[in-house]
1. Of the conditions (1) crowded, with 24+ Cβ neighbours inside 10 Å; (2) more than 14 Å from chain B (Cβ to nearest Cβ), residue A:272 fails just one. Which one is it?
2. Residue by residue through region C:1-34, note down the ones that are within 13 Å of chain B (Cβ to nearest Cβ) and over 30 Å from residue A:58 (Cα atoms).
3. Pull up region A:3-36, narrow it to residues that are in a loop (DSSP other than H, G, I, E, B) and without any contact (Cβ under 8 Å) to a residue 40 or more places away in the chain, then point me to the one that is nearest to the other protein chains (Cβ to nearest Cβ).
4. Are any of the residues in region A:591-607 under 30 Å from residue A:359 (Cβ atoms) and at pLDDT 95 or above?
5. Do you know which residues across region A:615-674 are of a type outside the set (A, V, I, L, M), within 14 Å of chain B (Cβ to nearest Cβ) and in a strand (DSSP E or B)?
6. Kindly indicate whether residue C:37 is modelled with pLDDT of 95 or more, facing chain B (nearest Cβ under 9 Å) and surrounded by 19 or more Cβ atoms within 10 Å (Cβ to Cβ).
7. Can you give me the number of residues within region A:410-425 that are out of contact with any helix residue (DSSP H, G or I) (no Cβ under 9 Å at 6 or more places or on another chain) and either without any contact (Cβ under 8 Å) to a residue 24 or more places away in the chain or over 23 Å from residue A:398 (Cα atoms) (or both)?
8. Does region C:205-222 hold any residues that are under 13 Å from residue C:269 (Cβ atoms) and of a type outside the set (A, V, I, L, M), and which are they?
Amino acid sequence: MGLIGKSVLRKEAWEKVTGTARYTADYPATDSLHAKIVVSPYAHAVIKGIQTSKAKEVFGVRAIITGEQFPLTGEEIRDRPVLAKDKVRHYGEAVALVVADTPQQAKRAAELIEVEYEPLPVVHSPTAALMPNSPLVHEQLGRYKREERVYPEPGTNVANRTKIRKGSMERGWNLAEVTVEERFSFSPSDHAAMETRCSTAEILPDGKVYIMTSSQAPFMAKRLINEYFGVDIGKIVVETPFVGGAYGGKASIQLELLAFIASMAVGGRKVRLLNIREQDMLTSPCHIGLDATVKLGSTRDGKIQAAELLFLFDGGAYSDKGADLSRAAAVDCTGPYGIENVWCDSLCVYTNHPYAAPFRGFSHSELLFAVERTMDVLADKLGMDRLQLRYINAIRPGDTTPTQVKLNNSNVGNLPGCIDRLKQMINWEEGMIQDLGNGKIRVKGVSCIWKTSTIESDAGSGVILTFNRDGSINLISGVIEIGTGTKTVLAQILAETLKMDIRMVHVQMKVNTQSTPEHWKTVASRGTFMAGRAVLAAAEDVIKQLKSTASCVLRAQPDDLEVGYGKIFLRDEPDIHLDIKDVAYGYVYSNGNAIGGQIIGRGHYNLRRLTYMDKETGAGKPGPEWSVGAQAVEIEFDKKHLTYRIVRAFSAVDIGTVLNEKAARGQVMGAMSMGLAFGGRETFVFDKWGRVLNPQLRTYRPLRYGEHPEYHVSFVVTPQLDAAYGARGAGEHGLMGMPAALGNALSLAAGVKLNELPLIPEQIWKMKQKEGYSHADL
Amino acid sequence: MITARLTVNGEQREVAFRPSATLLFVLREKLGLTGAKPGCLNGDCGACTVNVNGTAMKSCLMLAVEGLNQTILTIEGLKDSPVQHAFIEHFAFQCGYCTPGFIMNINSLLKKYPEADDYTIKEFLSSNICRCTGYQEIEKAVKSLLKMNREDRAGLQQDV
Amino acid sequence: MQTYDFDYYLPKTVEEGIRLFQQLEGEGKSPVYYSGGTEIITLGRLNLVETNAVIDIKTISECKELTVRNNRLIVGSALSLTAVEERNLFPLLSKAASGVADHTARNKITVGGNICGQIFYREAVLPFLLADSDAVIAGKNGLRKAPVHQVFNRKLMLQKGEFLVQLHTDQRYLTMPYVCVKRRQQWDTGYPLITLAVLKTKTEIRLAVSGLCSFPFRAFEMEKAIGQGGPLPDRVQEALRHVPQPVLDDVEGSSGYRMFVLEHMLEDLISRLEGNHP
């Protein structure tokens, strides 16, 4: 049908440009009560008492909830109370919840709740958290219930430690003729999706729990409410309509739990909880921070022999997904390079910061900032071209990853090809610096990326196809439409496979965990891969059923039949055929006899042959395939003012077969934009009491129109053999190398090592100051 | 509470609201017009942008009572307009949450400056945040609508 | 979303506005004047403004005036910043105004609101400080006119119940060479790290600054230093010695960095004006 690669318009396009696309908070709330969260003004403090009497007097208040009676929560370690209990561990932590008839009443009552605190010393960074005399964020760490393969260290602030021990470091350092070591640091920041999180919960008299939530993981919400609160899993129904941006931040289950306990407190009545922006940034989980040390050793000709990496992730107050984020960083700790001898400790460390959710790239833009900046430092020390060093070491089929997975022509993309492509795109031969006169220079910075997706080893995705009487198909998948356009791509895969008109594919956008087959979570660039495979399976199922009915009518073996172009026909005599519409609901003979019935196709795909990692060495296969790429930015730097603008940004990525050209470019460019904003501007600013000083979009500033560079995206195509039409994940990769490329460009431009984010001019100025900068030098 | 008539999308709507209620709140919670989105309630993100007498306004920065005797156009009142078509064709949205605000802002931009230059486009469009796209698609969509680039010279959606 | 309720009043005349204030004040409603209202709405949401009555002055005709009369530019306080920008009668004012918030917000934010607001950058006042403008203020005893330098000291010094009606500026200032630059922490979004407005009269260079301290100010002392003879870098260094203390040290930037930025801005902007490049 030629639909593969075609920029098919989004299936939900008209809904989204007319304001009729509904997000969670757009559903009428006339039958709901409204909840408001009371949050902690301290980063670390003992709760001495909570006075609710004044709040209770507010007209319309139906319940006030404090943290006493609820189970601890958390995906790997149950360390997090739904509402703070005994003490608060981060600024903005939920302490109490008010339920009232209107949002105004709830807010007014929340403001009247008096909480008495006794401040405790604050743990400000993962590095500080590991000091021997550091206060403990969790004194009871050893007593928490936890999953088997997470390794907290009770008595310390270590929530998880993942070790990579590959090859022999002794041999590696012996072979290394040149070594470099760099340290990096950045604070937590935020996803800042335009839609703030929203959840409603209702508990019906028969115990059925009904939740609507802006989430990437409604099926996980269902699972965790069952696990945490003991509600029968079959009695929990979670619905997710359109989601207004997520980027990983809506993969954590947090607001749903608050909405659920709010409903419990009012006898099961429906309660809506819509985050205000400030609480969306502070109370709901954020983007992880990192302190890192990277040491690389190479031969003089640039072959890296040893890599020693220490990642101290700032998981914040609770380990939730932070434990997993730190593990994923270990899996790909070296960046996309074939290195024989690797030592890495990747820690999720408790601090008194807001806790971490996944963030687009799942700890990869973070670790790659450290590794790729160090690669530039190494190239400079070797006196070698920066892309040449990367090319020499680029991971290739036959190499092994840090967890000792042997790569082949399918499970890794073509990094050397991406580097070559990038060189052309950025005219690398002209050199990295162009003097523009006027005190300004144009400077290029580069980076390479890779990522595998370390989701649950048995994660799966299901698809149901139902026919309509006109032969059109309803495509029902558990993938959430968070903006990635995945459901349009699934429609393309279906239409291509059934050789049908894409307009005859109707996509159900909303997900309902009771009527939609499960898609594990809409995360990790796994939507197209897993659900795509499920679509293929469902299409096969449909074809089989169509052929079965048609074979009776046409009096032919099913094997002799073909399906396509709206027909079921004899392969060698296409004129002998039935229209699909005459079979899709069962075939009716002229005398009234009927056979068959509505055709319902089903398909699913589960990840296969993934393994857990060894506790001591990290060996194992935690992800199915590695997407790779090479990226660059070109900046214009003002040498006097130390300001810059990003002129152009480049990505040469191998995402396998490109299924929808414009949609794929959009994913890559959007991710690049987010990466540049993360690298160039976004961070939580903490004061000495651990309070976040900028929890608004006025002071926490995503990129705006006009600040954006020109984007150049090019695809290198190495099909992934086991993926639908060979497509690899594409949702995250554009982001991953941007902070590093920006850091590399600026470090070169300013002549100082810039190893902290965000890369604001003041940071450059500070480094210049440190290096004894004076006006005379200019 | 006051009860008053607001002119929204060409219709007179009678509605009761508190004088302290923002236009965004009244549009969404009283009139069921949820196309204008809450993103910050602080005038920062632009997701709630509507047109008031043809001018882009952040409906979270405006009291509903200020909208009396004004002509209010929300995304729901924009039908089959060139901006909407351009957004679809250029993939100028992903999650779609900021889209109504962007479209309403662009609608007022193009009416005021059908031949807007880059500076003016930036002036207007930097009022809204899109977190999904890299803005390049939005830029292309807008520029495709500038007078010189428009084959179809039909006027943009007028206030109704 | 405000948790408190307020009544809304829309007086048609200055007198009615003043009378309403007295009356509502007497009723214990803590009234506030309202023009764009953006700050009342956004700070109200955080309970940083509390009132039970707002008096919207934007249908008072004097507050919406924008004209040149008797060689004076008259700018009504309830004009939106974009209205002032679009008419562009005072290019320096257009430029200073255009740095505030964003375009859509400036459709709502007014000149008076920006100058009288709690958010302390108040960049719209810089041109009036440079042009020795007069402020027309309404109060119990009717309208009074006063030099802006007399009534604006860090903020507009209004008596209870007064509101700003207009700003009057001598027409000669409208065409004088100027530069106005807003430098932010990063790129083109956000509050100022420093906004520096410079006006060149026949005899002198005038400076007004926002973002450097917790208030905008006309930098008379720094102007003197710049007005001395000698090489520009020396004059700039001398000017830096007259920066009011303390210099802001906050999330937008440290005080040391602000001084670095100021130094280079002064050098750039003044050399542009002294080189007669408007």
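The values are calculated or read from the model by the stated rules, or taken from the named source; none is laboratory data. These figures come from a predicted structure and were not determined experimentally. So basically every Cβ, Gly included, is an ideal-geometry build from the backbone, and we count neighbours across all protein chains shown.
1. (2)
2. C:10 - this is the single residue of region C:1-34 that is within 13 Å of chain B (Cβ to nearest Cβ) and over 30 Å from residue A:58 (Cα atoms).
3. This residue is A:19.
4. Yes: region A:591-607 contains one or more residues that are under 30 Å from residue A:359 (Cβ atoms) and at pLDDT 95 or above.
5. Residues satisfying the conditions are A:631, A:645, A:648, A:650, A:651, A:660.
6. Taking the combined requirement at face value, the residue satisfies it.
7. 2
8. The answer is C:206, and nothing else.
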